[in-house]
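Q: Just passing along the structure, written as structure tokens.
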Amino acid sequence: MKTSPSFAWILPAFLWLALGLGLPLLIILAFSLARREVYGGVQLGLNIQNYVRAFDSLYLAIYFRSLLLSAATTLLCLILAFPVAYFIALQKSSLIKNLLLFLVTLPFWTSFLIRTYAWIIILRAEGLINNRLIEWGLVGTPLNLLYNNFAILVGLVYGELPFMILPLYTVLDRMNKSLLEASADLGCSPLKTFFRVLIPLSRSGIWAGTILVFIPSLGAFVTPDLLGGAKSMMVGNLIQSQFAIVRDQPFGSAVAFLLSAVILILLAISYRTTKRGAEVRVL
Amino acid sequence: MTVTLEINALNKRFGRQVILEDINLSVRSGEFLTFLGPSGSGKTTLLRLLGGFERPDGGRIVLEGRDISLLPPHKRQVNTVFQNYALFPHLTVFQNIAFGLQNIGLAKAAIDRKVDQALDMVQLGDYGNRFPEQLSGGQQQRVALARALVMEPKVLLLDEPFGALDQKLRHQMQTELKALQRKVGLTFIFVTHDQEEALSLSDRIVVLNQGHLEQVGHPEEIYERPSTRFVAEFMGMENIFALVSVVDEGASLCCRTQGGQTIRIPKQSSRNGMAGFYAVRPSKIALSKTPPPDTVANVLKGRICEGTYVGSAHHWSVAVGRNETWKASQPLYSNRASQVGFCVQDEVYLSWDGQSGILLS
């Protein structure tokens, strides 16, 4: 019989979260129900006009783009990360394994801002890619690679990829490799094994990676700010501009609160769908 | 007897290391064949070559007339029971057993019927809806067996299937497996490093050592008449002595050990070829304080240097000559006078029949 550890263990983290997340969320909730004063001040009250305004078609397009870009980012990350995670998990030498994992986390050693700026140099009209394409005569005029949805997608996938690789690696590494042989033994071609064994057994990793990639993508604002154009604003940029440029803090708060609510609902759904699988594994 | 599986001049290397060298073997239809050997002998690699999980570097594997040497596992009519069971944790017992049948495009009704039969066969009729984690080791083992058997393979491969089970369960599963094999009549190839397991289960045993076949034969043959020193030692033979000369005396061979003792062995019970060692099981040697009658072929005189009581028998170590220690064991099931009254330092006579001993290469 195992005794549950004392809740004292999580008290410091709990207090930190309460102070750093709970309290600001309450402030944002209060602000979202407030009214904007003429010079950008906040007049507290109980108005829902900010929420009504948040569903204006102008903003719905931004939410839709954010969802679409985040979903595309997640899917691309999944497709790119799976072979990498699988390759690392199958390495026999733990030295090579650790080296490859180190390489996956290597980008974190440089500021995210600098890495995103680097993409500008790569993608711009006189950038690395366009210069080569023109030099080799593949295109006449530079391609529009920067300041559009494509550039945002490239930046997001680049930034979030490690967060997909690591949880996938964890489940694939833990997986009993003889299950793949058992599948082949029972008549599955490699492709069938992928769908009947590999994917179902990495489900928890796929979920974890999806959450870790999708949620930050949905709230991203540095990447779309630097790589996106005027027509490719994401919800993160909308919130940021309301606070920093337009100085409509109540409306910015309403959008921010909606975003948090959507993320919370998505998390709740994912928790419910993975719970049964997690329980079986624990048994 | 028809041959199901033919292995011809099979070779396997990992890098420069030779794992299997020139393996030739015919597996008969319906037999229970065991690959027996210590770790590193190549027995598991040989099984993996048959299953298709490794590619041979030379030679052929022919299954019912068809060369399958280079076929991937999913195209071979051979199934494996893996060492750690390798049950799919995300599938129920029923789904695990149905897994292979779904790949050969059977109708759902037929699959259900076959899986139910397989579950009954391994006495897990009520466990279809459980997940593997909810089963004991022995039950998981049965599911693994059912999952492979339900495919009706031409050959069933078993890779040390009972290695993870405790002694009592192991014996029970061995009995069940043997009964099952008789019932289904399929060809089983079983890998183990446990000589007792091999003896009790097999129709024939293949002893492997450092990548080559050491001896192939019936369990009695392997146990009673090992052909090499390695097989003899692996089968628990004691009293193995290097020979300095073997002289033909007509009806028998006269052997002289390095320690200077002379032993006779009837000619018909010795094998052809180079004899480097003489061996006799301790249980075949009788001990007495008085000289045995002249009719006994081999008599040595020595001094008891150690005695060990093991319950079912008494083991004695006897120093003979200057530097040889012979072992004799006396079963304790009867009240024969000869087995009582020995102490350390006693002078005793060791005696045994000529045909009890064997020559090894």
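Q: Where in the stretch B:138-158 does the label zone of residue B:184 land, with the point 7 angstrom along Cα→C-beta and an amide N cut-off under 14 Å?
A: Answer for this model: B:141-158.
Q: Any chance you could run the full-extension gain for residue A:260 through residue A:35? It's 0.36 nm times the residue separation minus the Cα-Cα distance, nm to one decimal.
A: Numbers: separation 225, 0.36 × 225 = 81.00 nm, distance 2.05 nm.
Residue separation times 0.36 nm, minus the Cα-Cα distance, leaves 79.0 nm.
Q: Separate question: 5 Å is the cut-off here: which amide hydrogens, built 1.01 Å from N in the peptide plane, fall below it relative to residue B:57, excluding neighbours closer than 5 in sequence?
A: B:11, B:12, B:13
Q: Quantify how strongly other chains surround peptide B:315-325 by giving the mean number of their Cβ atoms within 10 Å of each of its Cβ atoms.
A: Average per residue, whole number: 0.
Q: I need B:318, A:52, B:122 ordered by Cβ neighbour count within 10 Å, fewest first.
A: Fewest to most other Cβ atoms nearby, the residues stand as A:52, B:122, B:318.
Q: Given B:163, B:200, B:68, which one lies farthest toward the positive end of the charge dipole of the stretch B:3-228, if we put +1 on the Cβ of every Lys and Arg and -1 on the Cβ of every Asp and Glu?
A: Most positive-ward Cα: B:68.
Q: Separate question: Quick one: Kirkwood hydrodynamic radius for the stretch A:50-120, alpha-carbon pairs, angstrom, one decimal?
A: 15.6 Å
Q: Let me ask another. Scan around residue B:214 for amide H atoms under 5 Å from its own, H built in the peptide plane at 1.01 Å from N, and keep only partners 5 or more places away or cross-chain.
A: B:207, B:208, B:209
Q: How far, in nm, would the chain grow between residue B:345 and residue B:248 when pulled straight, counting 0.36 nm per residue and subtracting the alpha carbon separation?
A: 31.4 nm
Q: Then there's this: Report, please, the projected area of the stretch B:201-301 averaged over directions, based on the convex hull of its C-alpha atoms, in nm².
A: Here the figure is 8.0 nm², rounded to one decimal.
Q: Based on Cβ point charges of +1 for Lys and Arg and -1 for Asp and Glu, what charge dipole magnitude is obtained for the stretch B:170-305 about its Cα centre, in debye rounded to the nearest 20?
A: 320 debye
Q: Shifting gears a bit: Treat the count of other C-beta atoms within 10 Å as a stand-in for reagent exposure and order B:85, A:271 from fewest to most.
A: Working: B:85 24, A:271 12.
So the residues, fewest neighbours to most, are A:271, B:85.
Q: Using only Cα atoms, what is the ratio of the radius of gyration of the stretch B:237-360 to 2.2 N^0.38 Å?
A: Numbers: Rg = 14.4 Å, N = 124, 2.2 N^0.38 = 13.7 Å.
Relative to the rule-of-thumb radius for its length, the stretch B:237-360 sits at 1.05.
Q: Can you list, bin by bin at 10 Å, the percent of alpha carbon pairs in the stretch B:54-146, starting at 0?
A: Going out from 0 Å in 10 Å bins, the stretch B:54-146 shows 15, 40, 28, 15, 2 percent.
Q: Sorted from largest to smallest, which semi-axis lengths in Å does the alpha carbon gyration tensor of the stretch B:102-168 give for its equivalent ellipsoid, taking the root of 5 times each eigenvalue? Walk me through the numbers before you get to the answer.
A: Numbers: eigenvalues 101, 49, 17 Å².
Values for the stretch B:102-168, descending: 23, 16, 9 Å.
Q: Using R₀ = 22 Å, calculate the FRET efficiency as 1/(1 + (r/R₀)^6) where r is the Cβ-Cβ separation of residue A:174 and residue A:269; round to 0.05.
A: Working: r = 25 Å, r/R0 = 1.14.
About 0.30, to the nearest 0.05.
Q: Roughly how big is the protein assembly as shown's charge dipole about its Cα centre, with Cβ charges of +1 (Lys, Arg) and -1 (Asp, Glu), in debye to the nearest 20?
A: On the way: 59 positive and 47 negative charges, 222 e Å.
The dipole magnitude comes to about 1060 debye.
Q: I've got another one for you. Give the Kirkwood hydrodynamic radius (Å, one decimal) of the stretch A:101-211, defined as one over the mean of 1/r across all pairs of different Cα atoms.
A: 17.1 Å is the Kirkwood radius here.
Q: I would also like to ask the following. Between residue B:325 and residue B:361, what's the calculated FRET efficiency when r is the beta-carbon distance and R0 is 25 Å? Round to 0.05. Please report the intermediate quantities before stating the final value.
A: Values: r = 23 Å, r/R0 = 0.92.
E(calc), rounded to 0.05, equals 0.60.
Q: In nm, to one decimal, how far is the modelled label at residue B:123 from the one at residue A:195, with both set 7 Å along Cα→Cβ?
A: About 4.0 nm, to one decimal.
Q: Okay, moving on. Cα centroid distance between the stretch B:319-333 and the stretch B:78-141, in Å?
A: Cα centroid of the stretch B:319-333 versus Cα centroid of the stretch B:78-141: 52 Å apart.
Q: Something else: In the stretch B:1-99, which trypsin sites (Lys or Arg not before Pro) fall in coil by DSSP and have 14 or fewer other Cβ atoms within 10 Å?
A: Here the trypsin sites (Lys or Arg not before Pro) that fit, given the DSSP loop and packing criteria, are B:16.
Q: Let me ask something additional. Rounding to the nearest 20 debye, state how big the charge dipole of the stretch B:1-100 is about its Cα centre with +1 on each Lys and Arg Cβ and -1 on each Asp and Glu Cβ.
A: Values: 11 positive and 8 negative charges, 45 e Å.
Dipole about the Cα centre, nearest 20: 220 debye.
Q: Normalized C-alpha radius of gyration of the protein assembly as shown, against 2.2 N^0.38 Å?
A: Compactness ratio reported: 1.45.
Q: Another question about this same structure. Taking all pairs of distinct Cα atoms, average 1/r, flip it, and tell me the Kirkwood hydrodynamic radius of chain A in Å to one decimal place. Don't skip to the answer; put the middle values down first.
A: Working: mean 1/r = 0.0453 Å⁻¹.
Over chain A, the inverse of the mean reciprocal pair distance is 22.1 Å.
Q: What's the percent breakdown of Cα-Cα distances in the stretch A:1-153 across 10 Å bins, shortest bin first?
A: Here the calculated profile for the stretch A:1-153 is 8, 15, 22, 29, 16, 9, 2, 0.
Q: Could you grab the relative contact order for chain B? Cα pairs under 8 Å, six or more apart, rounded to a whole percent.
A: Computed value for chain B: 15 percent relative contact order.
Q: Determine the principal axes of the Cα atoms in the stretch B:3-228, then give the extent along each, sorted from largest to smallest and rounded to whole angstroms.
A: Result, largest extent first: 50, 38, 31 Å.
Q: Once amide H atoms are placed 1.01 Å from N in the peptide plane, what residues at a sequence separation of 5 or more from residue B:314, or on another chain, have their amide H within under 5 Å of its amide H?
A: Amide H neighbours of residue B:314: B:330, B:332.
Q: How many angstrom lie between the Cα centre of the stretch B:225-294 and the Cα centre of the stretch A:165-221?
A: 61 Å
Q: Take A:141, A:210 and order them by how many other Cβ atoms sit within 10 Å, fewest up front.
A: A:141, A:210
Q: Could you compute Rg(Cα) / (2.2 N^0.38 Å) for the stretch A:1-83, with N its residue count?
A: 1.76
Q: Under 25 Å between alpha carbons: how many lysine pairs meet that in the stretch A:50-282, if sequence neighbours fewer than 8 apart on the same chain are excluded?
A: Total qualifying Lys-Lys pairs in the stretch A:50-282 comes to 5.
Q: Among all stretches of chain A without exposed GluC sites (Glu not before Pro) (DSSP loop, at most 12 other Cβ atoms within 10 Å), which one is longest?
A: It works out to A:127-283.
Q: Using Cα pairs under 8 angstrom and six or more residues apart, how large is the relative contact order of the stretch B:1-111, in percent? Let's see the in-between values first.
A: Working: 136 pairs, mean separation 25.4, N = 111.
Reported as a whole number, the value is 23 percent.
Q: Now, a different point. How much length, in nm to one decimal, is gained on full extension between residue B:288 and residue B:55, taken as 0.36 nm per residue of separation minus their Cα-Cα distance?
A: Numbers: separation 233, 0.36 × 233 = 83.88 nm, distance 5.78 nm.
My answer for the length gained is 78.1 nm.
Only the coordinates and a few stated rules stand behind these numbers; no lab work does. The structure displayed is predicted, hence computed values, not measured ones. Positions of Cβ are generated from backbone atoms using ideal geometry, with glycine treated the same way; all protein chains shown enter the neighbour counts.
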